[in-house]
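A short worksheet on the structure shown next.
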Amino acid sequence: MKRDIVLKVNGSAYHVSIETHRTLVEVLRETLGLTGTKKSCSEGECGACTVLVDGKPTASCLLLAVAAEGKEITTIEGLSQGGKLDPVQEAFVRQTAIQCGFCTPGMVMAAKAFLDENPEPTARAVRKAISGNLCRCTGYQQIVDAIMAAAETMRAR
Amino acid sequence: MFLRRLPKFEYHAPASVAEAQGLMTKYGSEARFIAGGTDLLIAMKKREAAPGRLISLGNIAALKGIADDGSGGVQIGALTTLGEIERSPIVRKGALALCDAVEVMGSAQVRSLATIGGNLCSGVPSADTAPPLIALKAALKLVGPAGERQVPVEQFFTGPKETVRKADEILAAILIPKPEAPSAGCYLKLMRRHAMDLALVGVAAWLKLDGGKKVCVEARIALGAVAPTPIRVAEVEALLVNKTIDAGVVAEAARIAGMQCRPISDVRASLEYRCSMVEVLTRRAVTEAHRRIIG
């Protein structure tokens, strides 16, 4: 069954005709060509598919694309402004929080959503905030450091 | 078998409860309601379920929202997400034990989608929202073709993945009565991990003290994941009533709680470990509920 819907992604409206059984992560990647969001476990456990839906971190592999209509969706591609990296992205680079990079878009989106609501976090709160994101490379410490550093940068602005 | 692609289905997004019920009446056994989708879509990817039609409840405004019911009680629409509950000052004030529960469920990314109604209607013995709602004397509003009815949460579960909700009924709201001061509740969950795990053991404790905050006049203790359904343990509650809540009283109540549960041994934990942990968590939950009252 196909439905014609409008998806609002990174500030743009995309008019698409898609099958109802397709999830948001599939449509973002395969229909809209936004491959920054990664598909990994497909069951909401790993966080690689994390996007923001109305500002809240969301497992896009568990959201039907047709159910995402009317929401403001932000992907990793929507984070940098005119080629300038968001403070969270900048901090990940500076703190060497990126190794293979596969978890990174999901981590950054989860961190961004968290910091927008929690500008002065403890490291413990950061760890809880990314408890839905798996990383097989870094051991998480640099990621936590990056998020704490981003928080400081964002507070200074 | 797990396939990343969902099986195909027809999809409906009704705007009202009546419309949703009409669709369910029309399509019957080939249709399933879908709320947040965090249970159902995974079951469909595993091909454990393959409904030909999904009736989404997500566009029905009447099923959403958190409100003070006018007298200090809290009304929560069944399609409210766990994330919305986590962020709600109304729930934090009027039903803190429920906040305890949602904070330890899933992950932030899951809580943005998962609904309290979906958690309850799953009927799983480990449903984290159940023990605190039982302890808080909450009731559920079910809406069906024959009309509305209210069911106390402690009567809602009949077995693993079984509830009294009929296939054509929609869980519409969770009704939490006004807190009876001085009282407080607490929910504690034991997991193998710090997140993204179901409860090995869940304990909710609610205490009401006398006006002088010395003697317990009422207690409600509910256990999750240690029986075919979430259960209240009246024998434990009786040990706390008309007593001063001190370490000895709490220890004895906790000891009895560990003997009241009927868990299974499975890949996650043994029966013996679960019973032992019921004792530990009961002690901690009662102590914390008491601390929340006396400050």
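The values are calculated or read from the model by the stated rules, or taken from the named source; none is laboratory data. On a predicted model such as this, the values are computed, not experimentally measured, just so you know. Neighbour counts run over all protein chains shown; Cβ positions are idealised from the backbone, glycine included.
Going by the conditions given, is A:R136 at pLDDT 95 or above, assigned to a loop (DSSP other than H, G, I, E, B) and basic (K, R)? For A:R136, the condition - at pLDDT 95 or above, assigned to a loop (DSSP other than H, G, I, E, B) and basic (K, R) - is met. Here B:A234 meets the list (1) farther than 17 Å from B:E154 by Cα; (2) surrounded by fewer than 21 Cβ atoms within 10 Å (Cβ to Cβ) almost entirely, failing just condition (1). Out of curiosity, is B:R53 at pLDDT below 95 and within 13 Å of chain A (Cβ to nearest Cβ)? No: the conditions fail for B:R53. Against the test of being surrounded by fewer than 17 Cβ atoms within 10 Å (Cβ to Cβ), more than 9 Å from chain B (Cβ to nearest Cβ) and closer than 17 Å to B:L6 by Cβ, the options A:K2, A:K8 yield a single qualifying residue, A:K2. Only one of (1) among the aromatic types (F, W, Y); (2) over 16 Å from A:E19 (Cβ atoms); (3) surrounded by 14 or more Cβ atoms within 10 Å (Cβ to Cβ) is not met by B:F2, so which one is it? Unmet for B:F2, out of (1) among the aromatic types (F, W, Y); (2) over 16 Å from A:E19 (Cβ atoms); (3) surrounded by 14 or more Cβ atoms within 10 Å (Cβ to Cβ): (3). Can we say B:G70 is among the small types (G, A, S), outside the structural domain of B:G202 (by TED's automatic domain parsing) and part of a loop (DSSP other than H, G, I, E, B)? Considered against the rule, which asks whether it is among the small types (G, A, S), outside the structural domain of B:G202 (by TED's automatic domain parsing) and part of a loop (DSSP other than H, G, I, E, B), B:G70 comes out as yes.
Please tell me if B:V203 is buried (at least 24 other Cβ atoms within 10 Å of the Cβ), part of a loop (DSSP other than H, G, I, E, B) and in contact with a Pro (Cβ under 8 Å, 6 or more places away or on another chain). It is false that B:V203 is buried (at least 24 other Cβ atoms within 10 Å of the Cβ), part of a loop (DSSP other than H, G, I, E, B) and in contact with a Pro (Cβ under 8 Å, 6 or more places away or on another chain). Screening segment B:251-276 for residues that are hydroxyl-bearing (S, T, Y) and in a helix (DSSP H, G or I) and picking the one that is nearest to B:I221 (Cα to Cα) gives B:S276. For segment B:10-44, a tally of residues being within 23 Å of B:V110 (Cα to Cα) and of a type outside the set (K, R) returns 15. For segment B:24-65, filtering for residues that are of a type outside the set (D, E, K, R), crowded, with 18+ Cβ neighbours inside 10 Å and in a helix (DSSP H, G or I) leaves 6. On inspection, A:I143 fails the criterion of being under 19 Å from A:C49 (Cα atoms) and either free of Cβ contacts under 8 Å to residues at least 40 places away in the same chain or within 14 Å of chain B (Cβ to nearest Cβ) (or both). With the structure loaded, tell me whether B:A167 is away from chain A (no Cβ under 14 Å), of a type in the set (A, V, I, L, M), under 29 Å from B:D266 (Cα atoms) and part of a loop (DSSP other than H, G, I, E, B) or whether it fails that test. Taking the combined requirement at face value, the residue does not satisfy it. Scanning segment B:108-148 for residues that are in a helix (DSSP H, G or I) and polar (S, T, N, Q) yields B:Q109, B:N119, B:S122.
Mind telling me which of the residues B:V143, B:V110 ends up being at pLDDT 95 or above and more than 14 Å from every other protein chain (Cβ to nearest Cβ)? Among B:V143, B:V110, only B:V143 is at pLDDT 95 or above and more than 14 Å from every other protein chain (Cβ to nearest Cβ). Scanning segment B:88-107 for residues being more than 13 Å from chain A (Cβ to nearest Cβ), within 16 Å of the chain's Cα centre (by Cα) and part of a loop (DSSP other than H, G, I, E, B) gives a total of 1. Please find, within segment A:62-101, the residue that is surrounded by the most Cβ atoms within 10 Å (Cβ to Cβ) out of those that are part of a loop (DSSP other than H, G, I, E, B) and polar (S, T, N, Q). Going through the qualifying residues, I end up with A:T75. Taking segment B:1-23 as the range and being outside any loop (DSSP other than H, G, I, E, B) and more than 13 Å from chain A (Cβ to nearest Cβ) as the test, the residues that pass are B:V17, B:A18, B:E19, B:A20, B:Q21, B:G22, B:L23. From the list A:C41, A:C103, A:C49, the lone residue that is modelled with pLDDT of 95 or more and away from chain B (no Cβ under 12 Å) is A:C103.
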